[in-house]
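One structure is given here, and the rest of the page talks about it.
Values in this text are rule-based calculations from the coordinates and carry no lab data. No experiment lies behind these values; they were computed from the predicted model shown. So basically every Cβ, Gly included, is an ideal-geometry build from the backbone, and we count neighbours across all protein chains shown.
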Amino acid sequence: LLVTGMWLNAKFILVFLCVTVLLVKYLRANRAQNTPPGPCPLPVIGNLLSLSFRDPVGSFTKVFEHYGDVSMLYLGNQPCILLSGYKSFKEAFVEKADIFADRAHYPLNDRLSRGLGLISSSGRKWAQHRRFTLAVLKDFGMGKQSLEHSILQENRYLCEALLAHRGQVMADTSLGIPVRPVPRPCFRYTSVVSYRAVSATMSYTEFPTLMSWFLSKIKHFSQEEIDRHRRDRNTDCPRDYIDCYLQEIQEDIQAQFTEENLLCCVVDLFAAGTETTSNNLLWSMLYMATYPTVQESVHAEIDQVIGWRHEPSMADRALMPYTYAVVHEVLRSANALNITPPRVTNRDPILAGYFIPKVSLNQWCEVYSGGGGGKEFRTPDQFNPGHFLDENGKFLKKERFIPFSIGKRTCPGEQMVQMELFLFFTCLMRFSFHPPDGQNLDLAGTVGITTANKPFHIRALPR
Ligand code: HEM
């Protein structure tokens with residue numbers, strides 16, 4: 001018995017020593033080259049135990065608080081660099097833009113677009129398609145008065161329907177679908193896309209069949225639109241993005257523009273454009289109902305500048321600093337897209353003094369700092385339009401507030417969104433929003449690619 005016990009003890013000590021040696025070797029190898037700091041990874045699972053799947057952004061924020069704005073953790077065996085804050089974004093995406101412009105591969109985008117489209121593509125194909133898309137958006141009035149008219153038209157429907165439908169302007173601009181109003185007095189706001197384009201990257205690995213079904217629905221819908229456009233388009237008079245793209249396919253001798261790529265671009269524009277914008281509008285209703293004094297100040301400014309029964313225009317924006325500040329504060333507080341699509345580097349750069357090893361960055365997450373640029377604001381955890389006002393009540397543009405990211409891959413929809421949010425929000429404020437009697441509204445967000453509100457009831461009273 002004594003001999004067996006000694007043998008077991010010796011075996012245990014041996015195994016313990018081997019594991020310790022392997023662990024130390026592993027950690028040394030990983031931290032050898034002045035890579036960014038981060039929590040200590042375990043073999044095989046890396047730092048997965050430090051991540052909360054209910055609140056991944058909260059987990060990332062903890063990493064930033066502890067290790068700084070450029071940090072590193074391991075998702076399994078994959079090293080993943082986390083970036084937060086204006087300074088590191090500027091260095092990576094503006095100053096070292098050529099190194100940091102490519103997207104990473106991960107199961108969702110491989111399955112969805114196979115490196116095509118606008119969001120997941122890289123290199124020459126991406127550059128060509130991005131240029132083309134920006135040109136088309138400009139031709140169709142991005143930042144101009146013609147788009148303003150389209151937005152106002154959608155606004156009329158919106159007010160009637162009170163946001164029963166989502167993404168109207170994108171549908172009108174990219175797909176040419178007229179949106180019909182659906183009048184209802186009180187809505188339970190859930191979103192179809194909400195099931196949701198989804199906690200998507202995470203769910204894909206866990207629920208591949210469900211996600212494939214979901215993705216095939218979006219593709220099927222977009223393909224039908226492309227087919228319809230092909231049938232009834234007039235080549236002399238393109239109506240929208242799809243018509244322009246079909247034209248480009250005919251003229252493109254290098255065959256970079258293909259129907260397969262068109263499908264991916266449409267899916268990307270639709271997904272990127274609807275969810276983000278509609279989420280913001282829903283958040284703005286929630287915030288107004290939760291902060292009645294802010295809502296009253298917005299109403300007062302609208303009454304003073306626009307008056308009763310008149311529609312807003314972009315020209316009013318300069319005269320409405322408070323309302324414009326509220327629009328920005330909603331964008332900041334809701335932080336609707338707080339994790340940007342992952343990227344990879346195409347060579348080994350130094351970032352913030354750290355070595356970023358190219359080969360290890362198959363999976364690179366980049367994170368936009370929690371709370372919409374936390375450190376840059378006096379009271380980052382509070383909803384406070386004063387963040388965007390100076391001491392004279394004038395609108396204060398914050399260069400370091402970058403909800404659309406910066407650099408070569410900055411959101412191509414930014415100008416359009418700026419118009420949409422101001423006009424939609426101002427029109428919506430023909431109503432005053434209140435929680436249903438005796439209820440509090442929940443301002444906690446859901447987990448997903450975008451941060452959505454939880455489904456809610458609200459009272460919208462016409463003023
Ligand atoms: C509140 C609304 C929106 C917000 C906050 C937002 C924010 C962003 C952010 C942070 C990115 C990632 C940029 C990066 O990787 O560094 C992005 C990319 C993108 N957004 Fe938006 N976006 C919004 C609306 C829109 C709209 C309306 C469109 C449609 C025109 C759009 C189309 C895109 C596309 C196609 C990309 C990928 C760009 C690329 O990889 O080159 N977004 N957006």
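Overview of results
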| item | result |
| --- | --- |
| Dipole of the range 41-112, positive end: most advanced residue of PHE89, LEU49, SER71 [Cβ charges, Cα centre] | LEU49 |
| Modelled FRET efficiency - R0 25 Å, ASP252 with ASP139, Cβ distances, 0.05 increments | 0.90 |
| Burial order of peptide ranges 240-246, 40-46 (average beta-carbon count within 10 Å, highest first) | 240-246, 40-46 |
| Calculated FRET efficiency for the pair LEU396/LEU461, C-beta based, R₀ 30 Å, to 0.05 | 0.45 |
| Residues whose placed amide H lies under 5 Å from that of LEU75, excluding near-sequence neighbours | ASN47, CYS80 |
| 19 Å Cα-Cα threshold exceeded, pairs from LYS90/LYS397; LYS62/LYS397; LYS87/LYS398; LYS90/LYS125; LYS125/LYS217; LYS138/LYS408 | LYS62/LYS397; LYS90/LYS125; LYS125/LYS217 |
